[in-house]
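Here's the structure we're looking at; comments come further down.
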Amino acid sequence: MIREKLLTLPQEPGCYLMKDKNGEVIYVGKAKKLKNRVNSYFRGTSHDNKTAKLIDSIADFDYMVTNSEKEALILEYNLIKYHKPRFNIVFMDDSSYPYLRLTEEKYPTLRLVRDAKRMKNARYFGPYPNVGYARELLSLIEKIYPLRKCKKMGSKVCLYYHIGLCLGPCQYDIDEKIYQDMTEDITSFLNGSTGKLKAELLERRERFVQQLLFEKAGEMQKLIDSIDHVTDENYMQIDLNKSTDVFAYYVDKGYISIVGLLYSKGKLLHQHKALKPLYDDVEETFISYIVQYYQVNRLPRELVMPSGLNLEALREVLATKIFQPQRGEKKKLLELALENGKIHLEQNFDIISKQTLSNEIALEQLEALIHCNTTRIELFDVSHTSGKSAVASQVVFIDGFPSKKDYRLYKVSNKNNDYANMQEVIYRRLFKAKKNKFVFPDVIIVDGGKSQISAAMEILHALDISSICLLGLAKNEKHQTSFLMNAAFETYDIDKESQLFYLLNNMQDEVHRFAISFHRRLREKRLKESVLDEIDYIGVKRKEKLLSHFKNVNRIKEASVDQLAEVIGQKVAQAVYDFFRKEEKNG
């Protein structure tokens, strides 16, 4: 069928979709001339191991003709995003770096966002590759500048007003000049000018000291220390005035290492790295990656790329200046990015190649045992405490590597009935796949033996699915991986020194860890909520006030009556204080 299709391919630009025997799209590419590009996969010329692996998996292909190479590049991005083919380099699981967005409204807001496309009437600051740093910066600004916090203003003040983090424009008439001044100060601060703010805080600190308000003076000092902390970043200075991204790549041993140096206002903010196996043309792979990157991250004023690449289509897709320097400062930056790419590949290649080889051996050993395809393996586990906070986890391994973008967590409804919980999660996973024509796993591994296998088998029969190989992976009394069992309850003798045993043990630990971490979060949340619910006079609103102010129950428990009274009043504060003292005495 493929040979006949190859004869019908046009000499037009477009995209092609390679499919496996199950009809799943495993690779998407673009071409100036579809006929030449697609035929190159099936000619008798030699391919490296990785490309050969892709070609061996192709059972069919489709194609779409476009009017131009630019349209093909955009279509390729959309197809990759939709299908997530396992042989494509997919950028960062669709995540992006955060920004701080300051809106230009009558009563402005400042929020942490991941907008790929900028909204009107707002200023953006960033990107901040370290999300923890961005949150810390936002928290600091919120303590100093009481901007509006709500998305939609109501008619009465909320908790933020009562704890001093908002001026309450929803209820009170606030002079717009106050917000204009705050906006200017925040903009100046986020652009790196901290002197004015620090001087104001120092002045306040000294005034509080003179008034013997030492607690207030201490708060000012904490804010000054926070400013020093969040602005003491280890930036590299260079002579660039505009925001400039520099991207280069290095190829060796069948892998491509892509490095981006992200500059803003003369400072190197971040080094972005990616190391992926190379299945296709180097230039096409690199350009495809760049398009994906800038669909989820803000474009710089300038983009610096290696010379020798045909970037005609990319220039049409990305609305920014693209340079391919031959000499000068930008050329030196490209060389720096290239050197970092080379170092990144050399440092990580041995680890990745050894892991890849180990996975290949392990999967070959598994296929020899179960006589099934093992490309996509999904594992399921359930967790609860005496029937409470019951959860289930699903982890996915593709070619032996965890595919974390496909991990899923489920709240299940059958309390301490593990059999029913396993049935529920398997049903939800497979029914949704069948209904929406999503990809099915090749192998399902349940955490357990006969009981859990039986639970999953009933669902496979009920949904009339026979293409999935079902296995159970159990642990012994020492909580160590013990045996592998098939749907006929036959156990496999696996050498504990083998690559397969190591991979199965790793998979079982991962699905268990994922379930336990989710279960623990739900349990802690339930415990925190329940202990406050037991206190007289504490309802939903007062509970929210306490948790917002003190952040967690332990801090509420340690607070004095006066500290509690600042948030919920003297009478209720005394009730809270007495409750925890009584709990300590009884405990």
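The values are calculated or read from the model by the stated rules, or taken from the named source; none is laboratory data. No experiment lies behind these values; they were computed from the predicted model shown. Here the Cβ is made from the backbone with ideal geometry for all residues, glycine too, and neighbour counts use every protein chain on show.
Table for the structure above
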quantity: Residue within the range 297-307 that is more than 27 Å from the chain's Cα centre (by Cα) and either without any contact (Cβ under 8 Å) to a residue 24 or more places away in the chain or more than 30 Å from Leu473 (Cα to Cα) (or both) present; calculated: yes
quantity: Exclusive hit being exposed (fewer than 13 other Cβ atoms within 10 Å of the Cβ) and either closer than 23 Å to Glu105 by Cα or hydrophobic (A, V, I, L, M, F, W, C) (or both), set Asp185, Asp181; calculated: Asp181
quantity: Residue match in the range 494-509 (condition: outside any loop (DSSP other than H, G, I, E, B), over 31 Å from the mean Cα position of the chain (by Cα) and crowded, with 19+ Cβ neighbours inside 10 Å); calculated: no
quantity: Residue satisfying condition, being modelled with pLDDT of 85 or more and assigned to a helix (DSSP H, G or I), within set Lys81, Lys70; calculated: Lys70
quantity: Residue in the range 153-161 that is of a type outside the set (Lys, Arg), closer than 30 Å to Gln271 by Cα and at pLDDT below 85 present; calculated: no
quantity: Tyr179 vs. criteria in contact with a Cys (Cβ under 8 Å, 6 or more places away or on another chain) and not in a loop (DSSP other than H, G, I, E, B); calculated: no
quantity: Residues (farther than 27 Å from Ala565 by Cβ and exposed (fewer than 14 other Cβ atoms within 10 Å of the Cβ)) located in the range 154-177; calculated: Ser155, Asp173, Asp175, Glu176, Lys177
quantity: For Gly192: the one exception among (1) closer than 22 Å to Ser264 by Cα; (2) not in a loop (DSSP other than H, G, I, E, B); calculated: (2)
quantity: Lone unmet requirement of (1) crowded, with 16+ Cβ neighbours inside 10 Å; (2) touching a helix residue (DSSP H, G or I) at 6+ places or on another chain (Cβ under 7 Å); (3) at pLDDT 90 or above for Asp20; calculated: (3)
quantity: Members of the range 398-425 found to be under 21 Å from Glu510 (Cβ atoms) and among the hydroxyl-bearing types (Ser, Thr, Tyr), listed by number; calculated: Ser403, Tyr407, Tyr410
quantity: Matching entry among Ser46, Ser40 (being at pLDDT 85 or above and either loosely packed, with under 11 Cβ neighbours inside 10 Å or more than 23 Å from Glu360 (Cα to Cα) (or both)); calculated: Ser40
quantity: Single condition Tyr128 does not satisfy, out of (1) part of a loop (DSSP other than H, G, I, E, B); (2) over 23 Å from Tyr294 (Cβ atoms); calculated: (2)
quantity: Residue count, the range 542-571 (criterion: touching a Phe, Trp or Tyr at 6+ places or on another chain (Cβ under 7 Å) and of a type in the set (A, V, I, L, M)); calculated: 4
quantity: Qualifying positions in the range 542-587 - of a type outside the set (S, T, N, Q), within 20 Å of Val157 (Cβ to Cβ) and touching a residue at least 24 places away in the same chain (Cβ under 8 Å); calculated: Arg542, Glu544, Lys545, Leu546, His549, Val567, Ile568, Val572
quantity: Residue that is nearest to Cys469 (Cα to Cα), among those in the range 417-459 that are surrounded by fewer than 21 Cβ atoms within 10 Å (Cβ to Cβ), among the small types (Gly, Ala, Ser) and more than 26 Å from the chain's Cα centre (by Cα); calculated: Ser454
quantity: Helices (runs of 4 or more DSSP H) contained entirely in the range 260-372, each with at least 2 residues that are of a type in the set (Asp, Glu) and in contact with a Ser or Thr (Cβ under 9 Å, 6 or more places away or on another chain); calculated: 329-370
quantity: Residue among Ile144, Ile89 that is touching a Phe, Trp or Tyr at 6+ places or on another chain (Cβ under 8 Å), among the β-branched types (Val, Ile, Thr) and at pLDDT 75 or above; calculated: Ile89
quantity: Long-range neighbours under 6 Å by Cβ, at least six apart or interchain, first residue of a type in the set (Ser, Thr, Tyr) within the range 454-467, second part of a helix (DSSP H, G or I) and surrounded by 18 or more Cβ atoms within 10 Å (Cβ to Cβ); calculated: none
quantity: Test: residue in the range 420-430 that is of a type in the set (Lys, Arg), modelled with pLDDT of 90 or more and either in contact with a helix residue (DSSP H, G or I) (Cβ under 8 Å, 6 or more places away or on another chain) or not assigned by TED's automatic domain parsing to the domain that holds Lys21 (or both); calculated: yes
quantity: Residue in the range 424-439 that is in contact with a Pro (Cβ under 8 Å, 6 or more places away or on another chain) and either part of a helix (DSSP H, G or I) or free of Cβ contacts under 8 Å to residues at least 60 places away in the same chain (or both) present; calculated: no
quantity: Of residues in the range 460-491 being hydroxyl-bearing (Ser, Thr, Tyr) and closer than 25 Å to Thr375 by Cβ, the one surrounded by the fewest Cβ atoms within 10 Å (Cβ to Cβ); calculated: Ser466
quantity: Pairs with Cβ under 8 Å, 6+ apart, first in the range 186-213 and touching a residue at least 40 places away in the same chain (Cβ under 8 Å), second small (Gly, Ala, Ser) and surrounded by fewer than 13 Cβ atoms within 10 Å (Cβ to Cβ); calculated: none
quantity: Candidate set: the range 317-343, residues that are surrounded by 14 or more Cβ atoms within 10 Å (Cβ to Cβ) and basic (Lys, Arg); chosen: the one nearest to Ile290 (Cα to Cα); calculated: Lys321
